[in-house]
């Protein structure tokens, strides 16, 4: 039992051996990978679209999900193999443009492969499949086909999940999922297809939960929501639910460009859906301004918050030819709101006197106010603007060129100089 | 093979007496060393002063520590158990695991890094410590007191409705200050206040009102409420930099099944796997210290010889102690354990503070220090589903038992929801002596200090363990990574995909 000086011996030695061992293990991994790759490519080039090759693509894709050629091979394998062949006259699908597109992405070899493939799984087809007419047998086989396809699609979707967990931003995996989801619309009854898309929304939420600034995931979520709202999936508007979702995400982390951006995109639709009248719209704007003001109160250095505030301000100021939250606002209303915002932002300076974005906002919005009132800044405003600009020059000397341009363009050179 | 003769024939490299946390961590640290280690404990359970008990074990323990005089053999005294009359609902004894050391462990704690690098973390299940609350006495007799959640992240401050916009800005400025408190220009601001209470610094430099001050002090878990600026800033910095480290919106974790006791057990297990011999229910009866070895006669009658002995030393008493009340509650107290934001794990532990002066004095002496409550849901495994366990702590005094009972009552009133008022089913009270936490070494005997009373695990506990390890390893330890082990053979990882 006793081993004099055993530990130093044990730890130092083991780590050295491990490094060499690791090298050998790596080389072995590389060899196995290359072998697998060669196998798959060889089979595919010989049009061997068999279940065995299908399994090989599974293994290869697990090791390298970025290998998009193999994803394409897998698509072909599915279409020529596990998925039921759409039979003439008994098709349950709505012929959507997307489906014909996906059909054309398969190469001509796919068509020829079904005749030359050696071990395609048998189609669950009844003898009457292929003939027109609506006999009971036809309906049964359609149902069987749909069930088969549903199972296949679900299994494929499950296959991609562990891959996504490891490589959440890999385009090829998401693209494959989308392809599967579109097949669901094409081949399954509406209810079944809808369920699959609802699960997809759940997945998008999970991805965002793991990394809420993954803008791929936000874009993907918007796409999924759009599909769920579409007639093809028997949907209706989800604007309210999505609006609440952005709220949840913001409370989780204020600094979330994508969440605020999504929110801004949903607002016009939401107001339309609610058939909000002018009073309701004003109340809504008040609430949003209150929310962003609270956020800026604790995070004035955060650019995503200022972007959203800017979006709301532009609603007030850039209203010609753009849909806005409060189209019925009078000039007086707009001026009142802009003035109040500037005041509230000024209050932040009480406690945050060196946050650059505050000064930038004050500068911008004061100019916007003047623009709104179709006038130039008055002498008092000019002194203020100069003061803020001077502060920006101190806080951000790297952008001295930009501040110099601003100084010149707004004719404030003299005022700024006077502050030296 | 005769076990007894194996014990006495071997010249042990190390005998460790006691399975408290430092001794157990020592066993863990030596678990790959190949040393001959005999690890004994006079109790018939693991954990010593950090053990966790079923109700039956608690009864036995209380019987041994009920004396009210300061003990010469234990840090514990004045232990008692009471059960309210006419109250039903207490489950069978083994349904409970009451922790003597219910400390929460901050994510940034060195203890967690060591558990990870030694691979021992794999055997421990951790729960998130969620919200920190402050007890707010009712402003009028007709209103109930409330618990107010303390915001400690930007998003918390954003969402809370309990403080004004201006106060929020003040709080944000302080939080930002703390994140960088050891750099200039922050250091220039607080160094003059280093040894002065943190409340003074908050009031004078940050112009914080009393309410915000209590929020900050609560985050420090300062037992006397008078933590110095230097120590207070360090503690809050640890809290803030731990926030989000292991998952969204929580700063600390708690080991399931009895807190620190679980870590001690897992460490001993690792020691055993590494070859150490374990004997519970066995202590040291007599000892003879020679020049190069110690002869021990154990209570079992076995005689062993060892090069070195490591044990828990001292009964403390040189620093203020604490009074603790462990109460089993008949309700799950759901409002304490709600996840705070989307995607955050459900917390198993919540912290509630009664700031100094918040507990109305009932004609008795003013309570001049805070009371802290560590609330544990049944997710901790410490009680059955539908119940919870509260650990109340305050500095010990002649009146601490009474104070803690009153705090418990006020808290249950504050938690009175739509359903029945939560009731307590069981009370365990005891006092624990404080210590200045220094290890002692005399010749071949190394003594670990008594446990820290800090409610959040104090990394200072780890220092003596490292010292002890150095003593054992000597020259051979130089250049070796401490508490860093590779996984043992047979551990499976992801590379199986290639097969």
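Tabulated data for the structure shown
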| quantity | calculated |
| --- | --- |
| Which listed residue is in contact with a strand residue (DSSP E or B) (Cβ under 8 Å, 6 or more places away or on another chain), in contact (Cβ under 8 Å) with a residue 24 or more places away in the chain and crowded, with 17+ Cβ neighbours inside 10 Å, from B:313, B:319 | B:313 |
| Count - residues of the range B:1-27 that are within 17 Å of residue B:310 (Cβ to Cβ) and surrounded by fewer than 16 Cβ atoms within 10 Å (Cβ to Cβ) | 1 |
| So residue A:360, is it more than 21 Å from residue A:293 (Cα to Cα) and more than 14 Å from chain B (Cβ to nearest Cβ) | no |
| Condition check for residue B:126: at pLDDT below 95 and either touching a strand residue (DSSP E or B) at 6+ places or on another chain (Cβ under 8 Å) or surrounded by fewer than 21 Cβ atoms within 10 Å (Cβ to Cβ) (or both) | no |
| Residue satisfying condition, being outside any helix (DSSP H, G or I), in contact with a helix residue (DSSP H, G or I) (Cβ under 8 Å, 6 or more places away or on another chain) and modelled with pLDDT under 90, within set B:323, B:343, B:357 | B:343 |
| Residue list for the range A:243-261, filter: surrounded by 21 or more Cβ atoms within 10 Å (Cβ to Cβ), under 30 Å from residue A:191 (Cβ atoms) and more than 13 Å from every other protein chain (Cβ to nearest Cβ) | none |
| Qualifying position, being within 30 Å of residue B:359 (Cβ to Cβ) and in contact with a helix residue (DSSP H, G or I) (Cβ under 7 Å, 6 or more places away or on another chain), among B:196, B:179 | B:196 |
| Residue within the range B:38-52 that is surrounded by fewer than 24 Cβ atoms within 10 Å (Cβ to Cβ) and either within 14 Å of another protein chain (Cβ to nearest Cβ) or free of Cβ contacts under 8 Å to residues at least 60 places away in the same chain (or both) present | yes |
| All positions within the range A:348-370 that are part of a helix (DSSP H, G or I) and over 36 Å from the mean Cα position of the chain (by Cα) | A:370 |
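Let's see how each residue does on (1) farther than 26 Å from residue B:372 by Cα; (2) touching a helix residue (DSSP H, G or I) at 6+ places or on another chain (Cβ under 9 Å); (3) at pLDDT 95 or above:
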{"position": "B:3", "(1), (2), (3)": "yes, no, no"}
{"position": "B:16", "(1), (2), (3)": "yes, yes, yes"}
{"position": "B:23", "(1), (2), (3)": "yes, yes, yes"}
{"position": "B:30", "(1), (2), (3)": "yes, yes, yes"}
{"position": "B:38", "(1), (2), (3)": "yes, yes, yes"}
{"position": "B:45", "(1), (2), (3)": "yes, yes, yes"}
{"position": "B:55", "(1), (2), (3)": "no, yes, yes"}
{"position": "B:65", "(1), (2), (3)": "no, no, no"}
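This table checks each residue for (1) closer than 20 Å to residue B:394 by Cβ; (2) in a helix (DSSP H, G or I).
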| residue | (1), (2) |
| --- | --- |
| B:32 | no, no |
| B:38 | no, no |
| B:56 | no, yes |
| B:62 | yes, yes |
| B:69 | no, no |
| B:72 | no, no |
| B:77 | yes, no |
| B:81 | yes, no |
| B:91 | no, no |
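Listed here are the residues, each with its yes/no results for (1) at pLDDT 90 or above; (2) surrounded by fewer than 20 Cβ atoms within 10 Å (Cβ to Cβ); (3) within 14 Å of chain A (Cβ to nearest Cβ).
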site: B:134; (1), (2), (3): yes, no, no
site: B:138; (1), (2), (3): no, yes, no
site: B:158; (1), (2), (3): yes, no, yes
site: B:173; (1), (2), (3): yes, yes, yes
site: B:176; (1), (2), (3): yes, yes, yes
site: B:180; (1), (2), (3): yes, yes, yes
site: B:185; (1), (2), (3): yes, yes, yes
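The values are calculated or read from the model by the stated rules, or taken from the named source; none is laboratory data. No experiment lies behind these values; they were computed from the predicted model shown. When we count neighbours, we look across all protein chains shown, and the Cβ atoms used for this are built from the backbone with ideal geometry, even at glycine.
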